[in-house]
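Beneath this line is the structure, given in structure tokens, with notes to follow.
The numbers here are math on the coordinates, done by the rules we state, and not lab data. Computed from a predicted structure; not experimentally measured. Here the Cβ is made from the backbone with ideal geometry for all residues, glycine too, and neighbour counts use every protein chain on show.
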Protein chains: 2
Amino acid sequence: MSEYIEHNADGPSVGLVKKETFTFDEGGSGLTLDSGRTLPSVTLAYETCGTLNEDKSNAILVCHALTGDSHVAGYYNEEDPKPGWWDLMVGPGKPIDTDKYFIICSNTIGGCMGSTGPMTRNPETNHPYGTSFPVVTIGDMVRCQRRLVDHLGIDTLLAVAGGSVGGMQVLEWSVRYPDRVRAALPLATTTKHSAQAIAFNEVARQAIMADPTWNKGDYYETGRPEHGLAVARMVGHITYLSDESMRHKFDRRLQDRVELSFDFEADFQVESYLRYQGNKFVDRFDANSFLYLTKAADYFNLENQHGEGSLVSAFSRASCRYLVISFTSDWLYPTYQSKAMVKAMKKNGLDVSFCEIEAPWGHDAFLLPNDRLNGLLSGFLNRVSNEITGDK
Amino acid sequence: MSEYIEHNADGPSVGLVKKETFTFDEGGSGLTLDSGRTLPSVTLAYETCGTLNEDKSNAILVCHALTGDSHVAGYYNEEDPKPGWWDLMVGPGKPIDTDKYFIICSNTIGGCMGSTGPMTRNPETNHPYGTSFPVVTIGDMVRCQRRLVDHLGIDTLLAVAGGSVGGMQVLEWSVRYPDRVRAALPLATTTKHSAQAIAFNEVARQAIMADPTWNKGDYYETGRPEHGLAVARMVGHITYLSDESMRHKFDRRLQDRVELSFDFEADFQVESYLRYQGNKFVDRFDANSFLYLTKAADYFNLENQHGEGSLVSAFSRASCRYLVISFTSDWLYPTYQSKAMVKAMKKNGLDVSFCEIEAPWGHDAFLLPNDRLNGLLSGFLNRVSNEITGDK
């Protein structure tokens, strides 16, 4: 998601948080993935905040989007210049209220922020996996998160929440482990990528693979495919915004000049912005992880994977309450896709709240300050929480 | 535009046509461009079909889109497997009727299909210009086309017609040389690129420039940046289609397989299609030309260049009749952009016909068979033509 959209924490922060890790090997047999392949052991980086209550009924798992990480809220240290990626939403008195709830967020398998992924050393070769790492799925991500939830001693999550690819994990949780989730909050997401969404991801992957330094994924000792990854990121960025938000932010304004350059420098602010975003991204992200995570998103198909082609059938496995939210200007996962999932949920008699929020900011809207979004999340979580405690 | 959308000629063809060239040097002083730079001489590749009438009043200039060429209709030879790019529209009995009109189409300056561009040898160095070629504008393209029209002895064009970047040239003609154009048909176009359209072009340019074989544009003797250009083309292709048309064409159908590959091969048809389009494009197109032509499109800003920031003021220079057409699913140049130009034309009391055609095919719709489009073009051209001859 767009780091350009940086907002200071709104209201008090949850304070200092710590990146922790959890490693499991399924009792020595290794973890079998949807591909049929096995990983000898898996490490997840994760973060928690808030306090787990005595009966362990107040845990909320937050799932990050494509290139996010486990650092959901608060600060790593006193000098930390910026908080976790959803600090607007997660903290004391915030919609996902750390005074009431115990929040867990883990970096997905396949990622590069502390969890096992293509950057990890393969214990059999003592070299990074690179593209010998198995292709993972949203199902595999959730399978690993369940091990973490087990490890934390939590039987049933109060809620699973997340936007975009995080929302896919939310949906997957709700049908894969229906007895482990009381409520699901899939935001700005879809049950399957459209051809257009796959197309954008494929172009981004091709940009990486076209970079000769990518070297078929074997670059950790020779230098990273920075140019290809920057282009890949730029493609993604356009899809996170909207025609309207780009006009609002940039229109045709020139960057540091009063006249057109008549060369191939960045004339327009939007060009400069994209170059900046691309270059900034390569400092923090691994190109192979980008390939794996986009592939997982493209492979996600809830109706095929859980309903033999029927979305109604897929949701017949679910039993939680849902809060589904889409945004008017999100053209990556347009509202019609949220409506399709809501319809399938309702056909199963599930308790579903749905809202399309009017917002010009495109797909990124779920990460931005929005009173309507805040109100919907806090109200829904209150309701679910009160149903458990009987404090209605 | 999308070659995937290949259609056999509908109805009779204009038959054999010939690529011709016209070179001018402005009496030895060279052509001065909008950048202030001068080219010693300029060659345009062009094609004509139909017959110029005695009073030379039946000439229609057709302007090609971004990566098109002068080959608008008919065949180069008996074995030619496919006709020119707008054969559906241009031919005997077709909307741009070669039985009635004399059609001219030239490859734009900056192109790579026979007209002077970055591939051309710089006479001063005897090496290809590469990126030492001056950045050209839509205005420069039209300035060169006017020399060709002069050369053909035509005082006033019956019409100028074109879609997309061709439509920009149409608009430019109508305000730059108002006494040389009776009618203008800008289709699926805009008076200026949105930030989003610039963004897509910039990502495409960055993909080319990120390819090390691009070598700052100096690659004609060392090997072309094929990977970068292929990625650039893929980006463009997505913008020529629509969410709906991609779902219709590809949805999530797999390519030559029944199950997901769990590797980075093309699993989905849409991936395979994009790879194919990218690879096919590099066989016919020059990467530097792609940079120059996208830059020209991004620079185009009719209101700034001819109206000191006011679109109404820009069209105050025009005197022709207009037929403006947009397509419902064109998200590259959405209908609101056509409506803005129509409004500015009307404020000048100009004779404007406007139609938004219902079509799911995205920006490419102007190249596809469409009875509504055919009817509008032939009716409009008949009217304009009859007004001259008095044969109403």
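In nanometers and ordered shortest first, the copy-to-copy spacing of the A:Asp256 label point, defined 7 Å from Cα toward Cβ, is 4.7. Listed cross-link partners A:Lys192/B:Lys295; A:Lys295/B:Lys339; B:Lys19/B:Lys295 are compared with a 30 Å cut-off, the Cα-Cα value being larger for A:Lys192/B:Lys295; A:Lys295/B:Lys339.
In region A:10-60, what GluC sites (Glu not before Pro) fall in a loop by DSSP, with at most 13 other Cβ atoms inside 10 Å? Each step should come with its number before you reach the end.
Numbers: sites: A:Glu20, A:Glu26, A:Glu47, A:Glu54; in loops: A:Glu26, A:Glu54.
Within region A:10-60, the qualifying GluC sites (Glu not before Pro) (loop, at most 13 other Cβ atoms within 10 Å) are A:Glu54.
With contacts taken as Cα pairs under 8 Å at a separation of at least 6 residues, region A:199-293 carries a relative contact order of 31 percent. Helical runs (DSSP H, four residues minimum) scored at -39500 (n - 2.57) apiece and divided by the length of chain B put the mean residue ellipticity at 222 nm at -11000 deg cm²/dmol.
Output the relative contact order of chain B, whole-number percent, from Cα pairs under 8 angstrom with separation of 6+ residues. Write down the numbers at each step before the final one.
Working: 795 pairs, mean separation 66.7, N = 392.
Contact order relative to length: 17 percent.
Loop-located GluC sites (Glu not before Pro) in region A:129-234 (DSSP state other than H, G, I, E, B) with a sparse environment of at most 11 neighbouring Cβ atoms within 10 Å: A:Glu221. When the C-alpha to C-alpha distance is required to be over 30 Å, the pairs from A:Lys94/A:Lys347; A:Lys216/B:Lys216; B:Lys249/B:Lys280 that qualify are A:Lys94/A:Lys347. For A:Lys56, the lysines whose Cα comes closer than 19 Å to its Cα, not counting residues fewer than 8 places off in the same chain, are A:Lys100. Inter-copy label distances for A:Arg317: 6.4 nm (label point placed 7 Å from Cα along Cα→Cβ; shortest first). Distances from A:Glu356 to itself in the other copies, using label points 7 Å out along the Cα-Cβ axis, amount to 1.6 nm in increasing order.
Could you rank the peptides A:178-190, B:276-288 by their average count of other C-beta atoms within 10 Å per residue, with the highest value first? Each step should come with its number before you reach the end.
Details: A:178-190: 24.3, B:276-288: 18.9.
Top to bottom by mean Cβ count within 10 Å: A:178-190, B:276-288.
All Cα-Cα distances of chain B, cut into 10 Å bins from zero to the largest, leave 5, 23, 34, 26, 10, 2, 0 percent in each bin in turn.
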